Amino acid sequence: MKLVERKIYLASKSPRRRELLRQIGVDFELLLLRSDGPRGADVTEEVAVDEPAYDYVTRVANEKAGFAFDLVRRRHLKPRPILSADTTVAVDGQILGKPAGKEEAEEMLNRLSGRTHQVLTAVAVRTYDFEGCVTQVSDVRFASLTPAAIQAYCASTEPYDKAGGYGIQGLASVFIEHIEGSHSGIMGLPLYETAGLLRQAGLKLP
């Protein structure tokens, strides 16, 4: 089935992903999946036993894209590429999700302090005749953080909707000594890889 217009469905609640798509001139319509409620989440983000971080983010991004694709078909919506993504942080092979509260956020930042960790973002794109997924991995090295710096950061609102308890685009940018990989990927959407997938799905991008 041919695309009816050069626009995508974004199956993500992340405001950072919206900003990044606008940065490369991609027009989108939100197609939000349920993350909680009486019937539970549309796609569970629970980590399977002994599941590696790379496998985890790739699986979740693909499951979100698949669910959104089925939603488009059930609702008889206009055929457009569907983009979903998932980001996680891993240190010593252990996944750090979104902290549930201040104590957990402080614990995560203490683990990241003075060390290098990985930020993994998987991007999945689906259409009626294309299905692709790319997972980008970046290394991020934190400076050694004082207890006062950690407590001050965790007193803000920043840590609590972000994997690993921090966001590179916010106050935590002063913690980061070095990155190797994709700055936009660490934010939640690696733009080089995303543009490649969208081109394959039929969008015209520079």
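The values are calculated or read from the model by the stated rules, or taken from the named source; none is laboratory data. Remember, predicted model here, so these are calculated numbers, not experimental data. We place every Cβ from the backbone using ideal geometry, glycine too, and count neighbours over all the protein chains shown. Remember, those area values only see protein heavy atoms, side chains included, never the ligands or the DNA or RNA. Shrake-Rupley method; radii C 1.70, N 1.55, O 1.52, S 1.80 Å.
Listing for the model above:
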quantity: Residues (without any contact (Cβ under 8 Å) to a residue 24 or more places away in the chain and of a type in the set (Gly, Ala, Ser)) located in segment 152-206; calculated: Ala152, Ser156, Gly170, Ala172, Ser173
quantity: Residues (under 27 Å from Ala100 (Cβ atoms) and in contact with a Leu (Cβ under 8 Å, 6 or more places away or on another chain)) located in segment 162-183; calculated: Ala163, Gly164, Gly165, Tyr166, Phe175
quantity: Residues of segment 84-112 that turn out to be open to solvent by 10 Å² or more (accessible area, probe 1.4 Å), assigned to a loop (DSSP other than H, G, I, E, B) and either touching a residue at least 60 places away in the same chain (Cβ under 8 Å) or over 22 Å from Ile179 (Cα atoms) (or both), as a count; calculated: 4
quantity: Subset of segment 60-78 (residues that are crowded, with 17+ Cβ neighbours inside 10 Å, in contact (Cβ under 8 Å) with a residue 60 or more places away in the chain and more than 17 Å from the chain's Cα centre (by Cα)); calculated: Val72
quantity: Options Leu71, Leu83: the member that is at pLDDT below 95, touching a Leu at 6+ places or on another chain (Cβ under 8 Å), within 23 Å of Thr58 (Cα to Cα) and hydrophobic (A, V, I, L, M, F, W, C); calculated: Leu71
quantity: Unmet criterion (only one of (1) open to solvent by less than 60 Å² (accessible area, probe 1.4 Å); (2) at pLDDT below 90) for Leu32; calculated: (1)
quantity: Flag if Asp129 is outside any loop (DSSP other than H, G, I, E, B), open to solvent by 10 Å² or more (accessible area, probe 1.4 Å), touching a residue at least 12 places away in the same chain (Cβ under 8 Å) and of a type outside the set (Lys, Arg); calculated: no
quantity: Residue list for segment 165-193, filter: more than 15 Å from Ser138 (Cα to Cα), open to solvent by less than 30 Å² (accessible area, probe 1.4 Å) and assigned to a helix (DSSP H, G or I); calculated: Gly165, Ala172, Phe175
quantity: Segment 108-128 - residue that is closer than 10 Å to Phe142 by Cβ and polar (S, T, N, Q) and, of those, farthest from the chain's Cα centre (by Cα); calculated: Ser113
